[in-house]
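These notes are about the structure you will find just below.
The values are calculated or read from the model by the stated rules, or taken from the named source; none is laboratory data. Please read these numbers as outputs of a predicted model, since none were measured by experiment. Cβ coordinates were reconstructed from backbone atoms using ideal geometry, including for glycine residues, and neighbour counts include every protein chain displayed. Side chains are part of the model used for accessible areas, which takes the heavy atoms of the whole protein and leaves out ligands, DNA and RNA. Shrake-Rupley method; radii C 1.70, N 1.55, O 1.52, S 1.80 Å.
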Amino acid sequence: MPSIRKNRPWRLPESAATPEAVHLGRRRFLKAAGLGALGTLIGGAGCGDPGGGPTRAGAGLSPFPRAWTGRYPAPRNEAYTLDRPLTGEAVAGRYNNFYEFTTVKERVAELASRFPFHPWTVDVSGRVRRPAVFDIDRLVVSMPLEERLYRHRCVEAWAMAVPWTGFPFKALLDLVEPLGSARYVRLVSFHRPELAPGQARQPWYPWPYYEALTLAEASHELTLLATGVYGHPLPMQHGAPIRLVVPWKYGFKSIKSIVRIELTERKPATFWNDVAPLEYGFEADVDPSVPHPRWSQARERLIGTDLVVPTLPYNGYAELLAGLTS
Ligand code: MTE
């Protein structure tokens, strides 16, 4: 997909700003986190399931550690509103892109359902002052979780509206303290071909899945690390136990099941750009005026409905991207 030039002179309307309570809550958290929080958040011996045995958050979902479910549903951040109905959970959870399992969207949930996503760690390294390995249990109980209703636009011209639960990526970046030389953030998913049939059967793809953002994009208020959806922890088909959500970019940027994050000076390669450079760019901002080489991006099909609606520039988030520099 050709790269898209950003329109710089955006302004952030007051109505779109994060409510003070949410903003203050996060700042207090980060201040309180200080040095001590790293010790609490970093995994290691004894960082297993702090809450005891597994529990079920809903019919058909994998068991989740009890400590996680205590954090759901998280308070909704009302600053993020939708112009369309929320996609039903059963619809969103049965129409997934997760090539590690299969390219058949309707089969992902079933094939992913037995994938073990606990215990899980996320290794954050590279151009940071405080590299760390974060245990997912500690992240879920310690980070400032909130729910946000976001539009979700796939490059394949379908769309959903999804209630993600997560925390701003910036909250994690603040803990590791990016160095002045850090300009990009690279994210990597798992490589387990023995458990993920799509990885075993499609060896021509450059596994594991990898994606990247500029540090400015990763630090933007809209950019979430999601650990939950529909008021409970993420089921595997949505990228358990932790995934990226960048709502103004095509869905392939929102990498699922992250195991590694690396801050770099140089622009990292990305999975789909490596696989098909003429079709998928690094930036991948939603832009209805730039067609995919094989189809139009002007409109989108709302999954679970009969509706086809015009696609919005930056998926409707242009105003909120005020001041973003890449
Ligand atoms: N992440 C990984 N690891 N593997 C994938 O195949 N697919 C991407 C993205 N993240 C993908 C991924 C694409 S193309 C889309 S549209 C979204 O995940 C779909 O997210 P959803 O299934 O939760 O709706």
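List of remarks:
- Whole-number accessible area per residue in Å² for the range 125-240, which is evaluated in the context of all protein chains at 1.4 Å: 28 Å²
- Taking a Cβ cut-off of under 10 Å around Ser219, the surrounding Lys, Arg, Asp and Glu residues balance to a net charge of -2, with basic ones at +1 and acidic ones at -1.
- Heavy-atom accessible area with a 1.4 Å probe sorts Leu86, Leu321, Leu215, largest first, into Leu86, Leu215, Leu321.
- Area accessible to solvent at Lys267, 1.4 Å probe radius, in Å²: 120 Å²
- When the charge dipole of the range 187-263 is built from unit charges on Cβ atoms (+1 for Lys and Arg, -1 for Asp and Glu) and taken about the Cα centre, the candidate among Val246, Ser257, Met236 whose Cα reaches farthest toward its positive end is Met236.
- Think of the range 117-221 as having a plus end and a minus end, set by charges on the Cβ of Lys, Arg, Asp and Glu; of Leu187, Val122, Pro197, Leu187 sits farthest toward the positive end of this dipole.
- A convex hull fitted to the Cα coordinates of the range 249-298 yields 95 cubic angstrom per residue.
- Restricting the trypsin sites (Lys or Arg not before Pro) of the range 250-326 to loop positions (DSSP other than H, G, I, E, B) with no more than 13 neighbouring Cβ atoms within 10 Å leaves Arg266, Arg294.
- Share of carbon and sulfur in the accessible area of the range 144-202 stands at 50%, probe radius 1.4 Å.
- Sites listed here are chymotrypsin sites (Phe, Trp or Tyr not before Pro) in the range 285-326 whose DSSP assignment is loop and whose Cβ has at most 10 other Cβ atoms within 10 Å, and the list is empty.
- Assigned charges on the beta-carbon of Lys, Arg, Asp, Glu; the range 178-326 dipole about Cα centre (debye): 380 debye
- The range 108-208: chymotrypsin sites (Phe, Trp or Tyr not before Pro) in DSSP loop, at most 13 other beta carbons within 10 Å: Trp204
- With K and R counted +1 and D and E -1, the other residues having a Cβ less than 10 Å from that of Pro163 yield a net charge of 0.
- Subtracting the Cα-Cα distance of Asn77 and Lys267 from 0.36 nm times their residue separation leaves 65.2 nm of extension gain.
- Cα gyration tensor shape of the range 124-163, rounded if a/c is under 1.5, else prolate or oblate by comparing a/b with b/c: oblate
- The convex hull of the Cα atoms of the range 149-247, projected and averaged over all directions, covers 7.7 nm².
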